[in-house]
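Working notes, beginning with the structure itself.
The values are calculated or read from the model by the stated rules, or taken from the named source; none is laboratory data. Only a predicted model underlies this, so the values are computations on that prediction, with no experimental measurement involved. Cβ placement follows ideal geometry from the backbone for every residue including glycine, while neighbour counts extend to all protein chains displayed. All accessible areas refer to the heavy atoms of the entire protein, side chains included, with ligands and DNA or RNA removed. Shrake-Rupley method; radii C 1.70, N 1.55, O 1.52, S 1.80 Å.
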Amino acid sequence: MKRLFIGLLSTLLICAQSLYAQPADVLKKASAQVKKDGGIMVGYTISNGSSSDKGILKMAGRRFHSQMGDLITWFDGKNLWSYVKTNDEVNLTVPTRSELAKINPYYFLDFYKKGYKVSAGKSTERYHEVILTADNAKASLAKIVVRVGKLDYRPQYLKVTTNRNQVLEVTVTSYDKGQKFPDSTFRFDKTKYPKAEIIDLR
């Protein structure tokens, strides 16, 4: 009976630790898991309430390539190329952290380190929910809700509210790890878009 009681108590403690995991630790583990997975290819849907679209994100470390509707982006770790098919223009910039996060949802995972207050949301048996609230009222990204799977610590959902009360929701629909991408995946190739005008804003 005593062994059974100890076993039940241990199980309850483990469950309690999972249910009440510290929110910053959840994001830390999620960030570590994404890095551990190596090259990843993520399918997602993105919605602003009035319209929605589908996107594909290829990512290796800090570098990524994203395609969503008419917008295609490449980031090589320093430079960001943003190509819009409708006007055949490419903007070349050195982006800020917030600008990168608007394009690549996985950049939110490290926001707990600086500039945001971290608190627990409404977690369920399937996911941890973490809320990031900007310290600065003028920050362009005022509030971010992140849901991370309890079993695999991979992000499942994001809800971003800007300082203008615009809301953007991102739901992960597929996740393939261990992908191998050539370096060219993360850099704009002029030969593939010969007529595109490159606007250097660096």
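I need the full set of residues from the stretch 38-55 which are part of a strand (DSSP E or B) and surrounded by 14 or more Cβ atoms within 10 Å (Cβ to Cβ), in order please.
GLY39, ILE40, MET41, VAL42, GLY43, TYR44, THR45, ILE46, SER47, GLY55
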Selected residue [of a type in the set (S, T, N, Q), surrounded by fewer than 16 Cβ atoms within 10 Å (Cβ to Cβ), modelled with pLDDT under 85 and closer than 28 Å to LYS36 by Cβ] from SER174, SER184, SER98, SER119: SER98
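Conditions (1) touching a Cys at 6+ places or on another chain (Cβ under 6 Å); (2) without any contact (Cβ under 8 Å) to a residue 40 or more places away in the chain; (3) assigned to a strand (DSSP E or B), marked per residue:
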| residue | (1), (2), (3) |
| --- | --- |
| GLU129 | no, yes, yes |
| ALA139 | no, no, no |
| VAL148 | no, no, yes |
| LEU151 | no, yes, no |
| LEU158 | no, no, yes |
| THR161 | no, yes, yes |
| PHE181 | no, no, no |
Is it true that some residue in the stretch 64-87 is in contact (Cβ under 8 Å) with a residue 12 or more places away in the chain, open to solvent by 70 Å² or more (accessible area, probe 1.4 Å), out of contact with any His (no Cβ under 9 Å at 6 or more places or on another chain) and under 18 Å from VAL160 (Cβ atoms)? no
Name the one entry in VAL160, VAL130 that is under 26 Å from SER50 (Cα atoms), touching a Gly at 6+ places or on another chain (Cβ under 8 Å) and open to solvent by less than 60 Å² (accessible area, probe 1.4 Å). VAL130
Return the residues of the stretch 187-202 that are free of Cβ contacts under 8 Å to residues at least 12 places away in the same chain, surrounded by 10 or more Cβ atoms within 10 Å (Cβ to Cβ) and assigned to a loop (DSSP other than H, G, I, E, B); say none if nothing qualifies. ASP189
